[in-house]
Amino acid sequence: MAAYDPVMLRRLAGAVSLRSRRQKFRLFLDLVRPTEETSIVDVGVTDAPFGEGEGQSVTRNFFEAMYPWRERITAVGLGELPHFNAAFPEIRTVQADGRDLPFADGEFDIGFSNAVVEHLGDQASQEAFVRELCRVSKRVFVATPNRWFPLDPHTLLPLVHWLPNREKLLRRLGNEEAGDLRPLGPRELRELFPYPVRVVNTGMNLIAVGPAQR
């Protein structure tokens, strides 16, 4: 650990995160094929614009920054979103818990969520979150870090996310959101859904798209 340089690794993490999220966005366009008429709910946005901060925080809310029809997005966050609203004034925002969404069944064409489900602590909470997203959306696109990828996606260090007491260690290494992490593999991710989904494994990330076409 003597050679560990947190500043350098945060910069590298930011670059890796941006590349990863651009890949997710391309996959979203390829797999979902939205149009200017497609209504989208993004559950789990944070109160920040895109491109500010350091490390992975610089790429938060990448979907809103990259999507061409922002006025068709409804963004859901746990808290108030004044900075998000200033950055994306054309987007409707709603304050709600993703496990209890204030929307009708099938209200949206697409339910989108990136890097949220692994932070919900236990399987019951993860399942409630995913099933609620599926309830309000006709189709879903859910991305999460791959439990079995050998690098921790937050710190870019090998294997630390597989260790006992990983939350405490990850916080020391610069992952402020390490609390209550429950990373998922392909099988665990599939089991959260009420219907069959296609899981795309990009190496560092898993992306569930559903319902899967038969």
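In segment 56-102, the qualifying residues are those that are among the polar types (S, T, N, Q) and touching a strand residue (DSSP E or B) at 6+ places or on another chain (Cβ under 7 Å), and the one that is farthest from His119 (Cα to Cα) is Asn85.
When segment 103-117 is filtered for residues that are part of a strand (DSSP E or B) and open to solvent by 20 Å² or more (accessible area, probe 1.4 Å), the ones remaining, listed by number, are Asp109, Asn114.
The one condition from (1) modelled with pLDDT under 95; (2) open to solvent by less than 30 Å² (accessible area, probe 1.4 Å) that Gly77 does not meet is (1). Filtered by the rule that a residue be of a type in the set (Lys, Arg) and at pLDDT 90 or above, segment 50-74 gives Arg70, Arg72. The residues of segment 187-214 that are open to solvent by 70 Å² or more (accessible area, probe 1.4 Å) and outside any strand (DSSP E or B), listed by number, are Arg187, Arg190, Glu191, Pro196, Gln213, Arg214.
The rows are residues; the columns are (1) of a type in the set (A, V, I, L, M); (2) within 16 Å of the chain's Cα centre (by Cα); (3) on the phi < 0 side of the Ramachandran plot.
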residue: Pro82; (1), (2), (3): no, no, yes
residue: Val94; (1), (2), (3): yes, no, yes
residue: Asp105; (1), (2), (3): no, no, yes
residue: Gly111; (1), (2), (3): no, yes, yes
residue: His119; (1), (2), (3): no, yes, yes
residue: Ala124; (1), (2), (3): yes, no, yes
residue: Val130; (1), (2), (3): yes, yes, yes
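Tell me yes or no: at least one residue of segment 118-129 is assigned to a loop (DSSP other than H, G, I, E, B) and within 23 Å of Pro68 (Cβ to Cβ). Checked against the condition, which is being assigned to a loop (DSSP other than H, G, I, E, B) and within 23 Å of Pro68 (Cβ to Cβ), segment 118-129 yields no hits at all. Glu176 fulfils the conditions (1) modelled with pLDDT of 95 or more; (2) open to solvent by 60 Å² or more (accessible area, probe 1.4 Å); (3) assigned to a loop (DSSP other than H, G, I, E, B) except for a single criterion, (1). May I ask you to verify whether Arg19 is among the basic types (Lys, Arg), at pLDDT 95 or above, over 14 Å from the mean Cα position of the chain (by Cα) and not in a loop (DSSP other than H, G, I, E, B)? Spelling it out, it is not the case that Arg19 is among the basic types (Lys, Arg), at pLDDT 95 or above, over 14 Å from the mean Cα position of the chain (by Cα) and not in a loop (DSSP other than H, G, I, E, B).
The values are calculated or read from the model by the stated rules, or taken from the named source; none is laboratory data. Quick caveat: nothing in here was measured; it's all calculated off a predicted structure. Counting neighbours? That spans all protein chains shown, and the Cβs are built from the backbone with ideal geometry, glycine included. The accessibility values were calculated without ligands, DNA or RNA, using every heavy atom of the protein model including side chains. Shrake-Rupley method; radii C 1.70, N 1.55, O 1.52, S 1.80 Å.
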